[in-house]
Amino acid sequence: MKRRQVSITDTMNDPALFGSWFKGNTWNAWRAFLSALFGLSMNPEQLALYRKHTGRTTPPTTQFREARLLCGRRAGKSLIAALLAVYLAVFRDYSPYLAPGELATMMVIAADRRQARVIMRFIKGFVNGVPMLAQMIIRETRETLELSNRVVIEIHTASFRTLRGYTCGVCLNDEECFWAGDETSAEPASEIIAAERPSLITIPSSILLSLSSPHARRGPMYEASQKYFGKDDSPVLFWKATTLQMNPGLDPKIVSDAYERDPIAARSEYDAEFRSDCESFISHESVNACVIRGRIELPREKEVHYYGFVDPSGGSSDSMTLAIAHKNSLGRATLDLLREVKPPFSPERVVREFAQVLSSYGLSTVTGDNYAGTWPKERFSVYGISYQPSKKSRSEIYLDLLPLLNSRRAELLDNQRLISQLTQLERHASRSGSETIDHAPGGHDDLVNAAAGAIVMASASSSNSAFCFIAVEGGRIIR
C-alpha cells in the first residue's frame, strides 16, 4: 500500500479509514489531545481545551516524544490508544532505522495480558475493518499483529525484565497507576518506564505514552503531574481531564450515582483526582533498614522459641505462605524462614510440607485466618499440628508491624518479593474514620501476611512456650 501523508486527526475524519468510529462532537476533546501530542494546528475550541487540560498557554508546534494522559474511567483511553498504535504502525516508515531482519514494534503494555488484550481487540478491529489496511496483515495471533511494512503490534505485561531488546515506534502504558507489577522490584512502574526509553531512542518519531485513571499519590504518574502540568517549556505533555470532559456522551447519572455511593472513590474514578484516602503504608527506607542483606534463611537453634504464621489458600489463584520468627537476644523479632508455594498446587501436599517445616522448628501449634473454614484445622491435625484461628485482623497485624520496622526492632530476610510487597502496601481511610491496610489493586500481600504475623507474635511474646501462626494469601478479608 502506498503510504499516505495524513495526520492522525485526518484518519479520524476520513470515512475510508476510521471516520465511522469517531463521528460527532463527542470526540472533540480527543482530537484536541492528539493535535497537541503531534504538534498539529488547533482551532479555537481545541486550543481552549488544550489550555484547560494541560495548564499550558502556548500551543506546541512539534510532536512530543513523551506524554502522560490522566483521565477518568470510561473516557475512551483504550480506543484512542488503539488508534494511536495503528496510526503509527501504518502511516510512518521505520525502515531507515531498522537493521536487516529487524521489525519496528508498536508495544502495548498492561498489568497483565488479559487487560492488554482489550486494546489489542480495538487494534484488530481498526485494521481488519479497513480493507486497504487488512491486506497488510501477514501474521495474526492472539497477542501480535505483524504487517507487511516491517512493523509488528504486540501486547506485553508490565515487567521491566521482558521489555529489553526491542526497537519501538511507540510504547503505550495502559493504566500505569495500577501497575502493582513485577514483584521482584520495589518500584515496578518506574523501572518499566526506564526500560522502555532505550527501545525508543533509535526511532526519532517514537512516542512513550502512559494512559491511566489515577490511584494513590505516588509513582511516575503522580510525580509527572507535579513536574509537568502547567509547564510550557516541559518536554513532556501532561493532559488531565474528567470522564465527562473526554466523553461527554456518557450518561452523567453514572457519575452522580458513583458519588452517592462513595465520593472519594468517585473523585478518583471519574474526576481524575488522586485519592486522598490512600497513602503508602511504609517507606522503602524503613523496610530496607531492617533487611539483613545476604540472609535467606536461618536454621533452627536449640533453646530458641519460635513463632510462625500461615495463610491457607485453595491452590487455584493465591499463594500459600509460611513464616517462622523468634525474638533474639537483643529483643528484635527475627524472621527465620519464609516459604511460598504459588498456584496451582495441591493444598493437601502443601499442608503436609508446611507441617514438616513447623515440626522441624519444634512447633506443634499454628494460627491462621478463617478464610478456608475448617479444612486447615482438620488437615494440619492429621500431621500433628494444632491450627488456631487468629484473634487479630490482617490490618491490625500490619499496624502492629509498622512500629517494629520503623524503630528497627525487626530483622527481615533478604527476600525481594517480601520487600516489594511491603513497600506496596496501602493505608486506606474509610468515611467512618477506620483504617485498613491492604495491597494495591492487582497486587499481592501473601508473603507480607505470613511474615508480619510471625514477627508480631514473636515480638509480643514473653512466655517460653512455642507458638506458631500461619498466613495464606487468598482471603483478602479484613478481619
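None of the figures in this text is laboratory data; all of them are computed from the coordinates on show. Just so you know, these numbers come straight off a predicted model, no measurement behind them. We place every Cβ from the backbone using ideal geometry, glycine too, and count neighbours over all the protein chains shown.
In this rough spin-label picture, where each label sits 7 Å from Cα along the Cβ direction, the E102-N25 distance is 4.7 nm. Fully extending the segment from K302 to S256 would add 10.2 nm, taking 0.36 nm per residue of separation and subtracting the current Cα-Cα distance. Rounded to whole Å, the principal axis extents of the Cα atoms in the stretch 150-306 read 70, 50, 31, largest first.
Computed over the stretch 284-460, the alpha-carbon pair-distance distribution with 10 angstrom bins reads 10, 40, 37, 13, 1, each value a whole percent.
Cβ under 11 Å from N13's Cβ, N13 left aside: what net charge do those residues give with Lys, Arg +1 and Asp, Glu -1? Present the calculation step by step, with values, prior to reporting the outcome.
On the way: positive: K23, R31; negative: D10, D14.
Once positives and negatives cancel, what remains is 0.
Charge tally for D414 (other residues, Cβ to Cβ under 12 Å; Lys, Arg +1; Asp, Glu -1): +1. Between T57 and Y222, the simple label model (points 7 Å from Cα in the Cβ direction) yields a spacing of 3.1 nm.
In terms of overall dimensions, the C-alpha atoms belonging to the chain reach 79, 50, 38 Å along their principal axes, ordered largest to smallest.
In which sequence would S206, S190 go, from the one with the fewest C-beta neighbours within 10 Å to the one with the most?
Working: S206 25, S190 16.
Lowest count first: S190, S206.
Could you tell me which of rounded, prolate or oblate describes the stretch 278-369, using a ≥ b ≥ c as the square roots of the eigenvalues of the alpha-carbon gyration tensor, with rounded for a/c under 1.5 and, failing that, prolate when a/b is larger than b/c and oblate otherwise? It is oblate, given that a/c is not under 1.5 and a/b is not larger than b/c. Around M106, with a cut-off of 12 angstrom between Cβ atoms, what is the net charge of the other residues, counting Lys and Arg +1 and Asp and Glu -1? Taking every Cβ under 12 Å from that of M106, the sum is 0.
Sort F18, F354, F345, F309 so that the residue with the fewest other Cβ atoms within 10 Å of its own Cβ comes first and the one with the most comes last.
Working: F18 23, F354 27, F345 16, F309 33.
Ascending number of Cβ neighbours within 10 Å: F345, F18, F354, F309.
Once the gyration tensor of the Cα atoms in the stretch 8-276 is diagonalised, the equivalent ellipsoid follows with semi-axes of 27, 22, 19 Å, ordered largest first.
Report, please, the projected area of the stretch 1-133 averaged over directions, based on the convex hull of its C-alpha atoms, in nm².
Details: hull surface 38.3 nm².
If I average the Cα hull's projected area over directions, I get 9.6 nm².
When H53, H156 are arranged by Cβ crowding within 10 Å, least crowded first, meaning fewest neighbours, the order is H156, H53. Averaging 1/r over every pair of different alpha carbons in the stretch 61-140 and inverting the result gives a Kirkwood radius of 14.5 Å.
If I model the stretch 1-78 as equal point scatterers sitting on the Cα atoms and use the Debye formula, what is log10 I(q)/I(0) at q = 0.26 Å⁻¹? Those come out to -1.42, one per q.
Using 1/(1 + (r/R0)^6) with R0 = 60 angstrom and r between the beta carbons of E378 and S407, what's the FRET efficiency to the nearest 0.05?
On the way: r = 39 Å, r/R0 = 0.66.
Plugging the Cβ-Cβ distance into 1/(1 + (r/R0)^6) gives 0.95.
For the chain, the longest principal axis of the Cα atoms and the long axis of helix 77-90 meet at an angle of about 60 degrees.
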